[in-house]
1. Report the gain in length on full extension from residue 112 to residue 138: 0.36 nm times residue separation, minus Cα-Cα distance, nm rounded to one decimal.
2. Quick check on my link table: of 22/167; 7/27; 22/116, which ones sit more than 19 Å apart, alpha carbon to alpha carbon?
3. Please work out how much length the chain gains when fully extended from residue 22 to residue 155, using 0.36 nm per residue of separation minus the C-alpha to C-alpha distance, in nm with one decimal.
4. Could you work out [θ]222 nm for the chain from helices alone, using -39500 (n - 2.57) per DSSP H run of at least four and dividing by all its residues? Round to the nearest 500 deg cm²/dmol.
5. Could you pull out which residues in the range 152-185 have an amide N less than 19 Å from a spot 7 Å beyond the Cα of residue 123, following the Cα-Cβ vector?
6. Relative contact order for the chain: what percent, with Cα pairs under 8 Å and sequence separation of 6 or more?
7. Got the relative contact order for the range 4-94 handy, in percent, Cα pairs under 8 Å and 6 or more residues apart?
8. Hey, what do the phi angles of the range 89-106 turn into as Karplus ³J(HN,Hα) couplings, whole Hz, using 6.51/-1.76/1.60 and θ = phi - 60°, x for Gly and Pro?
Amino acid sequence: MSLADVKKNAQERMTKSIETLKADLAKVRTGRAHTGILDHVMVDYYGSPTPLSGVANLNLVDARTIGVTPYEKKMLSTIEKAIRDADLGLNPSTMGDMVRVPTPPLTEERRKEMVKLVKSEAEDAKIAVRNIRRDANEQLKKMVKDKTASEDEERRASDEIQKLTDKFVADIDKLVVEKEKEILTV
């Protein structure tokens with residue numbers, strides 16, 4: 001493994017950490033409706049648990065309402081029950097051949113809880129990035145010990161990995177600020 005490989009591996013792993021954080025933040029509810037909050041809802045489809053998106057089309061009816069249109073009309077009540085049982089604080093109702101899922105406005109207290117959750121997710125992502133930095137630095141030290149890299153090369157590579165770490169931590173902070181603003185906007 002070369003110095004470039006160590007840096008590339010660290011960068012790829014840090015990028016994955018950011019992607020994971022983005023996915024986690026997308027699931028955090030804001031005041032507006034978005035179909036992502038139903039991602040984890042599983043529906044009993046002929047005896048096997050299936051993701052909601054596999055049995056229905058999800059779309060936004062308006063800023064506060066998600067429309068769930070099942071591919072099979074007889075799935076309406078099953079979908080409605082699955083959403084209600086998912087413990088998301090949502091109260092779906094069937095209208096014609098669609099399940100309407102209104103998202104209630106968030107209370108001030110709930111918004112603050114959401115911000116805390118976002119900050120916690122961000123801290124986990126930062127820890128992951130720092131762990132990747134530590135792993136990369138350990139690999140560099142091992143390369144010096146095994147004499148496959150000089151100490152100067154190791155120092156330079158270590159500085160680059162630190163810059164990478166700083167960049168990803170700054171990206172995480174930026175994501176948190178954006179999500180916080182989104183949550184606190186009434």
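1. Answer, rounded to one decimal: 5.5 nm.
2. 7/27
3. Stretched out fully, the residue 22 to residue 155 stretch lengthens by 44.7 nm.
4. It comes out at -21000 deg cm²/dmol, rounded to the nearest 500.
5. 169-181
6. Taking the mean separation of contacting Cα pairs over the length of the chain, I get 26 percent.
7. Dividing the mean separation by the residue count of the range 4-94 yields 19 percent.
8. Each residue's phi maps through the Karplus curve to give x, 10, 10, x, 9, 8, 9, x, 9, 9, 9, 9, 10, x, 9, x, x, 7 Hz.
Every number here is computed from the coordinates shown, using simple stated rules; none is lab data. A quick note: this is a predicted structure, and the numbers were derived from the prediction, not measured. Please note: Cβ atoms are built from the backbone with ideal geometry, for glycine as well, and neighbour counts cover all protein chains shown.
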